[in-house]
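Let me begin by handing over the structure; questions about it come next.
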Amino acid sequence: MRNPLYPAVAIGVGIVVLLGYFLQIDLLVNVRIMFLEWATILVGIALLVGVVNLLIVHWNKITSEHPNRYNSMALLGGLIFTLLVVGYFGPTDEVSVWIFNYIQIPIEASLMALLAIVLIYAGVRLLRRKPNLLTIIFIGTAVVILLMSGPLFGIDIPGLAELRIWIGKVPAVAGARGILLGISLGVIAAGLRILMGSDRPYGEN
Amino acid sequence: MNGLNLLGLFIVLVFFGLMIGVTILARRREVPKLREIPAFRRLDRAIGLAVEAGSRLHVSLGRGQMLSRQSAIGFVGLSILDRIGRSTSISDRPPIATSGEGTLGILSQDSQRVTAKYLGVESDPLRGRITGLTPFSYAAGTLSFIEEEEIGANLLIGSYGNEVALITDAVERKDGMTLGGTDNLTGQAVLFATAQEPLIGEESYAGGAYLGAGRMHNSSLYVQDILRWLLIGLILLGAILKLFGVL
C-alpha cells in the first residue's frame with residue numbers, strides 16, 4: 001500500500017512555500033523562511049552523503065582491482081589530504097587557499113582549455129551530422145561572434161562589427177527569450193505536478 | 001502585496017486549473033496525440049536496442065541545486081529515470097544515474113530503490129552515483145564512467161553549463177547515443193552542437209509524457225502548448241500595438 005505521509009508532507013510544505021512566495025502575509029512568509037532554512041541544512045547533509053558516495057564508488061574500484069584503480073587512488077588521496085589540511089588549518093588559511101589556487105583552479109582551467117578544442121571539433125562534426133540550414137546559421141553565427149570577439153590582426157572587415165552587435169541585440173536576445181519562456185512554462189508544469197502529487201521523486205510511488 | 005506577485009499567483013492558478021480541466025477532458029473524450037519529438041522516438045528505439053544488446057542506459061541528472069529553479073529539470077530527470085528503470089525491467093543491466101549534487105544523488109538512489117521494489121528485484125544503491133560536486137569535476141567523473149561502462153544510450157536531462165561538451169564528446173568517442181536537454185541557455189547551445197538528439201526549451205520537460213509517466217504529464221504538456229500559443233499571441237499583439245504607437 002502507498003504511504004500517504006510522504007506526498008502529504010511534500011504537498012503541504014510545497015503549498016505553504018508557494019503561497020509564502022506570492023502572498024506577503026507575515027505568518028506565511030515566516031513559515032516559508034523556516035522551511036527553506038530546514039531545506040538548506042538538509043542540502044548540506046546531502047552534500048556530505050554525496051562525498052561518502054563518491055568515496056565508496058572509488059574505494060570499490062581500488063579493492064576490486066579495477067583497471068583505473070590508480071586514478072581512484074589519486075582521487076581518494078587528494079580528498080583525504082584536502083580534508084585533513086582544510087580541517088586542520090581552516091578554509092581561509094593560506095595553505096587551504098594555496099590548494100585551491102594552485103591545484104583546483106589550474107585543473108579546472110585546463111579542462112576549460114580542452115573544452116575549447118572539443119567545441120571546435122563538435123562544430124565540424126555537427127556540419128557533417130546535420131548538414132541543414134539551421135546548422136549553417138548556427139555555425140555561421142558562432143564564427144561571426146568569434147571573429148569580432150578579439151583583435152583580428154588589425155584587419156577591419158566592413159560591416160562585421162555592426163553585424164555582431166545586431167546579432168547580439170536582436171536574434172540572440174529574441175531566441176534566448178523564446179527558450180526562457182518555454183523553460184519557464186516547463187518549470188511551472190514540473191512544480192505543479194509535484195504539488196499535485198502526480199510526480200513523486202521521493203519515497204514510494 | 002504587489003501586483004506582480006498577484007499576477008504570478010494568477011498564472012500558476014490558471015496553469016493548475018487548465019491541467020485539471022485537460023485531465024478531466026481526457027478521461028471523457030479522446031485527446032489529440034502528442035506532437036512528435038524525434039528525440040523521444042529515437043530514445044524509445046535506443047531503450048529497446050540496449051535491452052536486446054544487454055548494454056546499460058545512463059541517465060545523467062546534472063548538478064541542479066534543489067533549492068533553486070534548476071530543481072525542476074532535476075525532477076524531470078528523476079521521472080525519466082523511473083520510467084526507464086521500468087521499461088528496462090527485463091534487462092539484466094539496469095540503468096545507472098549520475099549526478100553532481102548531493103540531494104539529486106540521494107533521490108536518484110531512492111528512485112531506483114522504488115523501481116527495484118516494484119519489479120521485485122534487488123536494488124544496488126551505487127546505481128545512483130555522485131561523480132563530482134563542481135561543474136568540471138562532475139563532467140570529468142561522468143566521462144570516466146562513460147569510458148568504463150558499456151552504455152547503449154545516454155540521457156542528459158538536468159542542469160549543465162558548457163562543461164556538458166566534455167560528456168557528449170566522451171559518448172561520441174564510444175559511438176554512443178546522446179539525448180540531451182537542459183534549462184541553461186549556454187548548455188542548450190552546447191547540446192545543440194554536440195548531442196545527437198538535443199531537446200530545445202520546454203521539450204526538455206516533456207520526457208515524462210513521452211515515456212508514459214502518467215495522464216498528468218500529458219495534460220501539463222497540452223497546457224504548456226496552450227499557454228505558449230497564448231504568449232506568442234500576446235507578444236505579437238504587443239509588437240503590433242507598439243508599431244502603431246499605441247503602447
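The values are calculated or read from the model by the stated rules, or taken from the named source; none is laboratory data. What you see is a predicted model; the values in this text were computed from it and never measured. With ideal geometry, Cβ positions are generated from the backbone for all residues, glycine too; neighbour counts draw on all protein chains shown. Please note that ligands, DNA and RNA were not included when accessible areas were found on the heavy atoms of the full protein model with its side chains. Shrake-Rupley method; radii C 1.70, N 1.55, O 1.52, S 1.80 Å.
Counting just the residues of the stretch B:162-181 that are closer than 19 Å to B:ASP44 by Cα and more than 10 Å from chain A (Cβ to nearest Cβ), which one comes out surrounded by the most Cβ atoms within 10 Å (Cβ to Cβ)?
At the first step, the residues of the stretch B:162-181 found to be closer than 19 Å to B:ASP44 by Cα are B:171, B:175-181.
Still in the running and more than 10 Å from chain A (Cβ to nearest Cβ): B:171, B:175-180.
Details: B:VAL171: 25, B:ASP175: 6, B:GLY176: 19, B:MET177: 21, B:THR178: 26, B:LEU179: 23, B:GLY180: 29.
This residue is B:GLY180.
So, one more: Take the residues in the stretch B:7-27 that are more than 20 Å from A:GLY186 (Cα to Cα) and open to solvent by 70 Å² or more (accessible area, probe 1.4 Å), then tell me which one is modelled with the lowest pLDDT.
Going residue by residue through the stretch B:7-27, those that are more than 20 Å from A:GLY186 (Cα to Cα) are B:24-27.
Now restrict to residues that are open to solvent by 70 Å² or more (accessible area, probe 1.4 Å): B:24-25, B:27.
Details: B:ILE24: 91, B:LEU25: 90, B:ARG27: 86.
For the stretch B:7-27, the residue satisfying everything is B:ARG27.
Let me ask something else. For the stretch A:6-24: of the residues being closer than 17 Å to B:VAL114 by Cβ and open to solvent by 50 Å² or more (accessible area, probe 1.4 Å), which is nearest to the other protein chains (Cβ to nearest Cβ)?
Here is the first cut: in the stretch A:6-24, the ones closer than 17 Å to B:VAL114 by Cβ are A:6-7, A:9-10.
Now narrow it down to the ones that are open to solvent by 50 Å² or more (accessible area, probe 1.4 Å): A:6, A:9.
On the way: A:TYR6: 10, A:VAL9: 15 Å.
If we take residues in the stretch A:6-24 being closer than 17 Å to B:VAL114 by Cβ and open to solvent by 50 Å² or more (accessible area, probe 1.4 Å), then A:TYR6 is nearest to the other protein chains (Cβ to nearest Cβ).
Go through B:GLY77, B:GLY48, B:GLY64 for me and flag whichever is within 18 Å of B:ARG113 (Cβ to Cβ) and either surrounded by fewer than 21 Cβ atoms within 10 Å (Cβ to Cβ) or not aliphatic (A, V, I, L, M) (or both).
That would be B:GLY77, the only listed residue that is within 18 Å of B:ARG113 (Cβ to Cβ) and either surrounded by fewer than 21 Cβ atoms within 10 Å (Cβ to Cβ) or not aliphatic (A, V, I, L, M) (or both).
List pairs: first residue in the stretch A:99-111 and in the same structural domain as A:THR82 (by TED's automatic domain parsing), second residue surrounded by fewer than 12 Cβ atoms within 10 Å (Cβ to Cβ) anywhere in the structure, Cβ distance under 9 angstrom, at least six positions apart or on different chains.
From residues that are in the same structural domain as A:THR82 (by TED's automatic domain parsing), there are no pairs.
Assess whether B:ILE90 counts as being among the β-branched types (Val, Ile, Thr) and surrounded by 24 or more Cβ atoms within 10 Å (Cβ to Cβ). Show your work before the answer.
On the way: among the β-branched types (Val, Ile, Thr): yes; surrounded by 24 or more Cβ atoms within 10 Å (Cβ to Cβ): no.
Here the answer is no, as B:ILE90 does not meet what is asked.
Mind checking which pairs have a first residue in the stretch A:155-177 that is away from chain B (no Cβ under 14 Å) and a second that is in a loop (DSSP other than H, G, I, E, B), Cβ under 6 Å, 6 or more apart or different chains?
A:LEU160/A:MET148; A:ALA161/A:MET148; A:ARG164/A:MET148
Starting from residues that are open to solvent by 30 Å² or more (accessible area, probe 1.4 Å) and without any contact (Cβ under 8 Å) to a residue 60 or more places away in the chain, keep the ones in the stretch B:135-149 and report whichever is farthest from the other protein chains (Cβ to nearest Cβ).
Of everything passing the filter in the stretch B:135-149, B:LEU143 is farthest from the other protein chains (Cβ to nearest Cβ).
Then there is this: I'm trying to understand the selection: among the residues of the stretch A:42-59, which are open to solvent by less than 60 Å² (accessible area, probe 1.4 Å) and more than 7 Å from chain B (Cβ to nearest Cβ)?
A:GLY44, A:VAL51, A:HIS58 - these are the residues of the stretch A:42-59 that are open to solvent by less than 60 Å² (accessible area, probe 1.4 Å) and more than 7 Å from chain B (Cβ to nearest Cβ).
Okay, residues lined up against (1) in a helix (DSSP H, G or I); (2) over 19 Å from A:VAL187 (Cβ atoms):
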position	(1), (2)
B:GLY74	yes, no
B:SER79	yes, no
B:ARG83	yes, yes
B:ARG86	yes, yes
B:ARG93	no, yes
B:LEU104	yes, no
